[in-house]
Amino acid sequence: MTAVAPGRQHRLSHASLVAGLAVAPAVVLLALLLFGPALAVAVFSLTDWQIGASSFRFLGLANYQALFADRIFWTSLVNTVIYVVIVVPGTVGLGLVVALLIEAQPSLRGFYRAAHFLPVMSTMAAMAIVWGTMLHPTIGLVNRMLAEFGIPATNWLRDPRTVLPALAVIGIWQGFGFAMVLFVAGLKSVPQSLYDAAAIDGADRALDRLRVVTLPMLGPVTMFVLILTATRAFEVFDTVRVLTQGGPNFASDVLLYRLYTESFDFLRTGYGAALTVVYLVIVVLLTLTQARVLDRRVHYT
Amino acid sequence: MSGIALSAVAKSHGATPVLRGISLDIRDGEFLTLVGPSGCGKSTLLRIIAGLDAQDSGAVVIGGRVVDGLRPKDRDVAMVFQAYALYPHMSVFDNMALPLRMRRLSGAQRLPLVGALSPGRRPIEEGIRHEVEETAALLDIGHLLSRKPGQLSGGQRQRVALGRAMVRHPAVFLMDEPLSNLDAKLRVQMRAEITALHRRLGSTFVFVTHDQAEAMTMSDRVAVMMAGELIQVGAPDELYADPRDMRVAEFIGSPKINVVPAAALDQGTRAAMAAVPGASALAFRPEAADICAPAAGVLAGSITGVENLGADIFLHVAARPAHSQGALPLIVRVAPSGRRFAVGDVVGVNPDPARVLQFDAGGRRLKARERVAA
């Protein structure tokens with residue numbers, strides 16, 4: 001026994017050394033690229049550092065106090081939430097509907113898939129300019145088409161009531177192709193035998209098939225799409241930056257745009273870092289809860 | 001009355017014919033097995049009966065009613081699938097209740113949340129619960145009703161699939177290789193359970209398998225299919241003893257029937273095996289031959305293997321007939337009580353001429369002289 005034990009211990013430590021070496025590259029990269037910067041941001045959020053400054057002082061939680069007392073921060077947070085609440089269901093719903101339609105019709109499948117995926121591959125900043133032209137109050141295509149039906153012109157991006165929904169529509173347009181591709185892949189993995197069983201059991205109309213087989217079997221994909229879309233919606237920045245700069249009167253100010261202006265326009269790096277920490281906490285919490293809640297509902301084993 | 005009549009059912013996938021005009025009468029309450037190698041079209045035929053696929057031509061009649069163009073749910077059939085096809089997100093109870101709910105509840109009553117409030121749903125749900133529990137008790141899965149399929153073993157899932165098929169008392173059960181996902185021991189047990197179920201329900205069962213042992217042990221009649229054609233339909237013992245085609249003789253029976261090409265034999269050996277003119281292959285079952293001294297045997301060769309199954313011993317013999325190029329493998333059954341054999345022993349093989357089956361060059365069976373005379 002005693003003779004064996006050291007040898008075994010030796011072998012165990014050898015094995016763990018090999019394991020440690022094997023994961024080392026990943027750990028180093030994670031630490032360097034993810035945890036390190038996050039930690040740095042968290043530290044900066046407690047200081048008055050400005051970009052380029054050679055020294056800084058620790059302020060404690062003063063940045064956070066200023067942040068939570070700032071009315072514009074709350075406006076931008078509420079705006080972001082409204083944006084997410086419109087974009088997530090819109091993107092997931094439209095992606096699913098388009099995926100179902102494409103899969104239901106065998107001809108030209110590849111073409112439709114590619115066509116709907118194009119917005120995902122385009123550069124958002126450039127596309128934002130195109131949208132800006134389309135939404136232009138006088139020469140824009142949207143208002144001209146609405147005028148044909150006698151609907152009065154709206155200044156979509158300058159009216160505080162319409163600016164967020166308009167941005168959300170652009171967000172949906174850009175994101176639903178990605179959701180569609182994921183749903184198409186998910187649809188392909190639904191076993192045909194389940195549709196056969198449903199046909200025998202009497203669930204053979206389109207809505208019954210959807211309820212009994214398709215939607216439940218797409219559960220894991222839907223969860224993934226939801227989390228992805230929500231995180232991406234929280235990141236909304238380029239359309240706001242290009243089209244509205246947060247206006248009119250902060251009606252389209254969102255978290256990341258606030259972060260950008262505070263950090264790089266006003267050079268309040270410490271304050272921007274505090275904002276970043278808040279943003280990170282929200283996104284991580286959101287992802288964790290979604291994963292927790294949905295995971296239990298979409299995996300059936 | 002729920003027999004099934006198929007008349008000249010044909011189907012092709014593009015230019016490839018899958019079924020070449022299948023005509024078959026399945027009697028009410030019969031257990032009929034469609035058996036054949038994979039790709040022979042047996043599953044396609046079953047799917048056509050179920051209404052999941054449409055035939056290109058021909059007619060399907062179930063219970064005296066032409067069902068062509070009827071949807072699966074309107075044909076009064078139930079189906080058990082190879083991989084069970086249980087809905088993974090539903091409990092066992094909901095899986096089994098679905099066929100009843102789809103039939104008895106209106107579209108509005110089936111809606112989630114809203115449906116629960118709709119008037120008249122309570123008593124229907126009560127009835128469904130009662131019937132599902134009754135069926136579950138019959139299959140001994142009453143304690144599993146609240147589980148999800150993912151939490152069940154293969155055998156239990158199989159029973160749930162059976163239960164879902166049984167719960168609405170269909171006239172016809174269609175089973176597509178339902179035992180192929182089970183381990184060997186469970187498969188033998190489920191064979192017995194399904195035949196017992198058939199006796200108790202008295203419904204028509206159509207069972208598809210590629211396993212000839214399943215076909216032989218379970219069925220009233222077996223229909224052997226090859227390359228989209230029905231080769232022979234008959235009771236298991238009939239197919240075994242009286243195959244009308246070489247392919248049936250070779251497919252049915254384990255170990256496989258011994259086939260000796262007539263061209264490999266000299267005149268005397270052919271006579272000793274009672275070969276008729278035109279016979280191109282002579283075949284005999286492992287139990288239709290005796291082992292004897294090498295000189296006394298019609299065929300002779302050395303033993304290459306001894307398979308001892310306890311009740312039977314199968315000797316693998318490499319025979320060397322007069323005009324054969326290489327060795328001709330034969331399998332002969334011997335009783336375990338007799339002489340002991342070892343690999344390398346040279347023995348004679350003496351087929352019983354009355355039990356030699358003869359086939360012409362096209363694989364069709366030729367009747368032996370004695371039987372033609374009788």
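The values are calculated or read from the model by the stated rules, or taken from the named source; none is laboratory data. What you see is a predicted model, and the numbers here were worked out from it, not measured in a lab. Methodologically, a virtual Cβ is constructed for each residue, glycine included, from the backbone with ideal geometry; neighbour enumeration extends over all protein chains shown. Ligands, DNA and RNA are stripped out before the accessible areas are found, and what is left, the full protein with its side chains, is counted by its heavy atoms. Shrake-Rupley method; radii C 1.70, N 1.55, O 1.52, S 1.80 Å.
Taking every residue in A:185-198, how many Cβ atoms of other protein chains lie within 10 Å of its Cβ, on average?
4
Separation between the B:His130 and B:Ser7 pseudo-spin-labels, each 7 Å from Cα along Cα→Cβ, expressed in nm?
In this crude label model, B:His130 to B:Ser7 measures out at 4.2 nm.
Along the Cα-to-C-beta direction of A:Ala206, a point sits 7 Å from the Cα; which residues of region A:84-109 have their amide N less than 12 Å from that point?
Within reach of a label on A:Ala206: A:97-98, A:100-105.
Name the residue, out of B:Leu144, B:Leu111, B:Leu34, whose mean-square fluctuation peaks in a Gaussian network model built on chain B with Cα pairs under 10 Å.
Ranking B:Leu144, B:Leu111, B:Leu34 by mean-square fluctuation puts B:Leu111 first.
Let's see if you can work this out: charge +1 on each Lys and Arg Cβ, -1 on each Asp and Glu Cβ, no other charges. What is the dipole magnitude of chain A about its Cα centre, in debye to the nearest 20?
Using only the charged Cβ atoms, the result is roughly 440 debye.
Taking only complete DSSP H runs, can you tell me which helices of chain A stretch 24 Å or more along their own long axis by Cα positions and average at least 0.0 on the Kyte-Doolittle scale?
A:4-30, A:71-104, A:163-188, A:269-298
Taking N as the number of residues in chain B, what is its Cα Rg relative to 2.2 N^0.38 Å?
1.23
As a test question: what accessible area, to the nearest 10 Å², does A:Met217 have when a 1.4 Å probe is rolled over all protein chains in place?
Counting only protein heavy atoms, A:Met217 exposes about 40 Å² to solvent.
Counting only the heavy atoms of the protein chains, how much of A:Ile172 is accessible to a 1.4 Å probe, in Å² to the nearest 10?
Result for A:Ile172: roughly 30 Å² accessible.
Jot down the per residue volume, in cubic angstrom and as a whole number, of the convex hull over the alpha-carbon atoms of region A:71-298.
149
What residue among B:Pro321, B:Pro236, B:Pro112 shows peak mean-square fluctuation when chain B is described by a Gaussian network model with Cα springs under 10 Å?
Result for chain B, Cα springs under 10 Å: B:Pro112 fluctuates most.
Using label points projected 7 Å from each Cα along Cα→Cβ, tell me how many nm separate A:Leu61 and A:Glu148, to one decimal.
The answer from the label model is 5.8 nm.
Farthest toward the dipole's positive end in region B:256-373, which of B:Gln267, B:Gly297, B:Leu315, given Cβ charges of +1 (Lys, Arg) and -1 (Asp, Glu) about the Cα centre?
B:Gln267
Per-residue mean of other chain beta-carbon atoms within 10 angstrom of the beta-carbon, peptide B:90-100?
That average works out to 2.
How much length is gained if the chain between B:Ser280 and B:Ala59 is pulled fully straight, taking 0.36 nm per residue apart and subtracting their Cα-Cα distance, in nm to one decimal?
75.8 nm
Nearest 0.05, what FRET efficiency do B:Glu238 and B:Ala184 give at R0 = 25 Å with Cβ-Cβ as r?
Efficiency, rounded to the nearest 0.05: 0.40.
Using r as the Cβ-Cβ distance of B:Asp345 and B:Gln151, and R0 as 51 Å, what FRET efficiency do you calculate, to the nearest 0.05?
Approximately 0.40, to the nearest 0.05.
Cut-off 10 angstrom, C-alpha nodes, Gaussian network model of chain A. Which of A:Ala31, A:Ala126, A:Ala273 fluctuates the most?
Among A:Ala31, A:Ala126, A:Ala273, the largest mean-square fluctuation in the Gaussian network model of chain A belongs to A:Ala31.
Starting from the amide H of B:Asp290, placed 1.01 Å from N in the peptide plane, find each other amide H under 5 Å away whose residue is 5 or more places distant or on another chain.
The list, which skips near neighbours in sequence, is B:Asn350, B:Asp352.
Using square roots of five times the C-alpha gyration tensor eigenvalues, list the equivalent-ellipsoid semi-axes of the protein assembly as shown in whole Å, biggest first.
71, 35, 25
Could you sort A:Asp48, B:Asp290 by accessible area so the largest value comes first, with the probe set to 1.4 Å?
Result, largest first: B:Asp290, A:Asp48.
Carbon-plus-sulfur fraction of the accessible area of region B:47-97, 1.4 Å probe, in percent?
Roughly 48 percent of what the probe reaches on region B:47-97 is carbon or sulfur.
Can you give the mean number of other chain Cβ atoms that lie within 10 Å of the Cβ atoms in peptide B:150-156?
Average per residue, whole number: 1.
Ignoring everything except DSSP H segments at least 4 long, calculate the 222 nm mean residue ellipticity for the protein assembly as shown; use -39,500 (n - 2.57) per segment, divide by total residues, nearest 500.
Calculated mean residue ellipticity at 222 nm is -14500 deg cm²/dmol.
Taking all protein chains as present, what is the carbon and sulfur share of the accessible area of chain A, in % to the nearest whole number, probe 1.4 Å?
Carbon and sulfur: 71 percent of the exposed surface of chain A.
What is the extension gain from A:Val28 to A:Thr123, computed as 0.36 nm multiplied by their sequence separation minus the C-alpha to C-alpha distance, in nm to one decimal?
Full-extension gain reported as 31.0 nm.
How high is the FRET efficiency from B:Ala15 to A:Gln192, r the C-beta distance, R0 25 Å, rounded to 0.05?
Step by step, r from the Cβ atoms, then E = 0.60.
Write out the trypsin sites (Lys or Arg not before Pro) in region A:103-212 meeting two conditions: DSSP loop, and at most 11 other Cβ atoms within 10 Å of their Cβ.
A:Arg161
At 1.4 Å probe radius, can you tell me the per residue accessible area of region B:74-174 in Å²?
Here the residues of region B:74-174 average 42 Å² of exposed surface.
Distance in nm between label sites at A:His14 and A:Arg297, each 7 Å beyond Cα in the beta-carbon direction?
Going from the A:His14 label point to the A:Arg297 one covers 5.1 nm.
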